[in-house]
């Protein structure tokens with residue numbers, strides 16, 4: 001029979017249409033064809049039945065619930081720094097790309113004047129604080145003795161200085177008296193004694209100036225004669241006390257200034273540059289007179305400088321004595337509560353002054369607020385920058401973070417510290433970075449009509465491959481159950497709000513819809529079964 005079928009098939013291949021018509025006219029062939037067709041249908045039907053009855057044996061395992069998102073890598077912290085005052089950049093301590101530590105100085109403006117004021121304020125505060133401590137503690141015997149010694153030393157130095165000044169006052173007079181009355185004989189001629197009531201003076205050379213005019217040398221010389229007499233009278237009646245000596249020192253300075261003025265008036269009338277002619281006096285005589293005048297002026301200047309130096313020394317020693325005296329009095333007398341309160345107020349004011357200058361000084365410096373990397377430096381040393389203009393930019397030098405948005409349908413699944421697996425588009429998908437949920441915004445942001453919540457994840461470890469701006473693919477593990485009964489999620493049937501599975505209840509594969517209570521639905525296709533099934537049960541997949 002098989003050989004006949006084979007021969008028939010060969011004929012059909014040679015002439016399909018004609019052969020088919022002849023074959024179907026043969027009753028035996030038609031019977032064989034029908035039998036073969038029925039067998040084929042039985043085989044196909046059996047195959048479909050096997051496919052439709054796919055069973056699963058219930059077992060325990062883990063169910064992992066994940067939320068998949070896309071985000072962007074950003075630095076943990078990013079800041080642009082500016083000075084809040086304008087100024088000249090004096091120093092730049094870092095360069096672009098440097099890693100800096102928290103508190104490190106990055107850049108400074110010219111600040112020498114502010115720093116000096118700050119140090120002065122600190123010194124003033126220290127002095128006032130020591131004084132307040134003394135107020136609290138009262139004078140110790142050793143402190144009182146020190147104050148007494150300082151007072152005695154200041155008093156002794158001051159007495160010596162006034163005694164020296166007392167002698168100097170007479171010396172000043174004697175010097176000027178000799179210079180004016182003796183050294184100027186070549187300049188002036190006179191009639192009568194020095195003590196004469198109205199001595200008569202003549203100038204010893206001819207000049208183009210009207211020497212008898214107001215403020216002329218002759219008039220000034222006559223007036224200074226009276227000054228010398230007045231000066232000597234004052235010294236004769238001078239008492240040896242500090243106030244009188246100090247007052248006479250001031251008068252001595254005035255008399256020395258007048259003498260210098262007299263000499264300048266003489267220089268003017270013998271100056272050929274101003275006068276243009278010698279007035280009949282030969283040049284040699286004029287040069288000699290000028291030399292005499294210059295010599296006397298130098299002596300007057302020296303005497304005056306010595307007087308001023310001595311007077312300045314008196315001022316310094318007077319101040320030191322007054323401070324020592326006040327300090328001694330302070331040590332001797334106890335302090336009242338009012339004194340202490342007053343001094344506390346002074347200390348508080350001094351502290352405020354220090355804080356003010358420290359604040360001004362710090363405004364000339366830029367410090368790193370955290371461990372970071374320098375990404376940009378705008379000015380160069382010497383540039384003048386404006387207030388509030390960016391001069392340096394930093395990014396956080398620790399781990400990076402990911403910024404993403406979670407739709408409201410998933411936000412309830414995510415909690416702070418949930419772990420996450422992250423891949424970056426820049427690298428292959430088998431390179432996985434670990435991260436954790438760091439922050440979830442409480443307020444929603446509308447993104448394409450969907451309420452979404454900004455969520456920040458932080459990488460667990462630093463990695464040089466991570467860079468700002470990269471696209472991140474995130475799988476957040478929102479829940480995980482270990483050693484629980486689970487079924488494939490597609491095996492669960494939902495009817496009227498209830499969940500069922502098709503349970504095989506005997507060896508004859510009798511199937512029964514059994515109610516189950518489901519737990520979490522995993523992102524791996526598994527669903528936790530809380531009740532309704534036991535390990536070893538078999539269910540049919542849908």
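Shape annotation for the stretch 432-542: C-alpha extents along the principal axes are 62, 34, 20 Å, from largest to smallest.
Each peptide in 148-156, 490-498 receives the mean, over its residues, of other Cβ atoms within 10 Å, and ordering these scores from highest gives 148-156, 490-498. For the stretch 343-422 and the stretch 445-517, what is the centre-to-centre distance using only Cα atoms, to the nearest Å? One Cα centre to the other: 40 Å. According to the Kirkwood relation over distinct C-alpha pairs, the hydrodynamic radius of the stretch 111-151 is 12.1 Å. Note on the stretch 36-175: Kirkwood radius taken over Cα pairs, Stokes-Einstein applied at 10 °C and 1.306 mPa s, translational D equal to 57 µm² s⁻¹.
For the stretch 366-426, the calculated P(r) over all alpha carbon pairs, in 5 Å bins from 0 to the bin holding the longest distance, is 4, 10, 15, 14, 13, 11, 10, 9, 7, 4, 2, 0 percent. Measuring nothing but alpha carbons in the stretch 290-403 and taking Rh as the Kirkwood radius, the Rg to Rh ratio lands at 1.34.
Each value in this text was obtained by applying a stated rule to the coordinates, not by laboratory testing. What you see is a predicted model, and the numbers here were worked out from it, not measured in a lab. Quick reminder, even Gly has a Cβ in these numbers, built from the backbone with ideal geometry, and neighbours come from all protein chains shown.
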